[in-house]
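Read the structure below first, then the notes.
The values are calculated or read from the model by the stated rules, or taken from the named source; none is laboratory data. Predicted, not measured: the structure shown is a model, and the values here were computed from it. Every residue, glycine as well, gets a Cβ built from its backbone with ideal geometry; the counts of neighbours run over all protein chains shown.
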Amino acid sequence: MPFIKRLLMYITGLIALREEDIWLPSFPRAGSTWVRFLFSNLISLSELDGQIVDYKFVAENMPSLGRSNLFKSWNYESLPRFIKTHRPHYRFLFDIPERVFYIIRDPRDIMVSFFHYRKAIQGNPFQGGFNEFVRHPQFGLRACISHYVSWLPHITHLICYEKMKQDTPSELRKTIHKLGLQIHEENFDLAVKRSSLNNLKTFQKESGLASPQFLEEGFLVARKGETNQWPAYFSDDDIRLYRQICEELTFRLYD
């Protein structure tokens, strides 16, 4: 998307935000696509007779700041409107809405997933090695942890990727109950089943992504979804860097 058009989308998106909306921020590759599939399937099962939820459905019903038309009316009752963003928190600009459901994942695993993703970008892939990636000012460890720190004072609920992987139905219930909403119990298990990694891979292969293809052929957005991948990638120097940044930014969620 051209820079001017993207800037206009951000400006109009900020204007269109509503008090009842909920921010859904995360650093890239922290699990926001999976979480949005889970939420979308809850909506589909609760209000749309179980309509198929693919990447296009998610993009339309779980909007993103800077990409979606946020002036569009929200017609669902089962869930409020969640606004995805990968931007760090900007004071005054992001003060509305007040509710923030932040998606957190071990930054070291984020680095592994993000590294493979950036290497697959058509036309502008990341050219360096993994040790260079974790030190990159925009993509690396410091940017990732700083992103969380910027949102920290505003977080009303933390969605932990690792806990979601360990017991998805239970963690999804906790997230929805945090909103004070009632959803039929059977819909939680169905939403989890419909949002499986294999289903996400199948949707990409069969119906594609929501935006124009910009990834190399064969690269799946839902890559592995595993936890604790990082020991196979991090050198001793990378581990020291991670610990140093954690100490500097007082980040102790993943020691």
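Restricting attention to segment 183-205, the residues being in a helix (DSSP H, G or I) and either aliphatic (A, V, I, L, M) or in contact with an Asp or Glu (Cβ under 8 Å, 6 or more places away or on another chain) (or both) number 6. Is there a residue in segment 83-97 that is farther than 27 Å from residue 250 by Cβ, within 15 Å of the chain's Cα centre (by Cα), crowded, with 17+ Cβ neighbours inside 10 Å and modelled with pLDDT of 95 or more? Within segment 83-97, one or more residues are farther than 27 Å from residue 250 by Cβ, within 15 Å of the chain's Cα centre (by Cα), crowded, with 17+ Cβ neighbours inside 10 Å and modelled with pLDDT of 95 or more. Being touching a strand residue (DSSP E or B) at 6+ places or on another chain (Cβ under 7 Å) and farther than 16 Å from residue 109 by Cα is the requirement here; does residue 175 meet it? Spelling it out, residue 175 is indeed touching a strand residue (DSSP E or B) at 6+ places or on another chain (Cβ under 7 Å) and farther than 16 Å from residue 109 by Cα.
Taking segment 217-232 as the range and being outside any helix (DSSP H, G or I) and within 22 Å of the chain's Cα centre (by Cα) as the test, the residues that pass are 218, 219, 220, 221, 222, 223, 224, 225, 226, 227, 228, 229.
The residues of segment 88-137 that are farther than 30 Å from residue 236 by Cα and among the basic types (Lys, Arg), listed by number, are 91, 99.
Filter segment 233-255 down to residues that are among the basic types (Lys, Arg) and assigned to a helix (DSSP H, G or I) and give me whichever is farthest from the chain's Cα centre (by Cα). Step by step, filter segment 233-255, then rank; the result is 240.
Inspect segment 216-226 for any residue being surrounded by 15 or more Cβ atoms within 10 Å (Cβ to Cβ), more than 16 Å from residue 117 (Cα to Cα) and not β-branched (Val, Ile, Thr) and give the result as yes or no. No.
Within segment 62-107, the set of residues being over 14 Å from residue 28 (Cα atoms) and in contact with a His (Cβ under 7 Å, 6 or more places away or on another chain) comprises 89, 100, 101. The C-beta contact set for segment 1-20 (first residue under 16 Å from residue 63 (Cβ atoms), second residue assigned to a helix (DSSP H, G or I) and of a type in the set (A, V, I, L, M, F, W, C), distance under 8 angstrom, 6+ apart or interchain) comprises 1/9. Of the helices (runs of 4 or more DSSP H) entirely within segment 111-182, those holding at least 2 residues that are at pLDDT below 95 occupy 168-178.
On inspection, residue 135 does not qualify as crowded, with 21+ Cβ neighbours inside 10 Å, basic (Lys, Arg), under 27 Å from residue 220 (Cβ atoms) and touching a Lys or Arg at 6+ places or on another chain (Cβ under 9 Å). Listed by first and then second residue, the pairs linking a residue in segment 243-255 that is closer than 13 Å to residue 143 by Cα to a residue that is part of a helix (DSSP H, G or I) and not polar (S, T, N, Q), with Cβ atoms under 6 Å apart and 6 or more places separating them unless they lie on different chains, are 245/141; 245/142; 245/145; 249/145; 249/149; 251/145. When residue 80 is tested against (1) in contact with a helix residue (DSSP H, G or I) (Cβ under 9 Å, 6 or more places away or on another chain); (2) within 30 Å of residue 183 (Cα to Cα); (3) assigned to a loop (DSSP other than H, G, I, E, B); (4) modelled with pLDDT of 95 or more, just one condition goes unmet, and that condition is (1).
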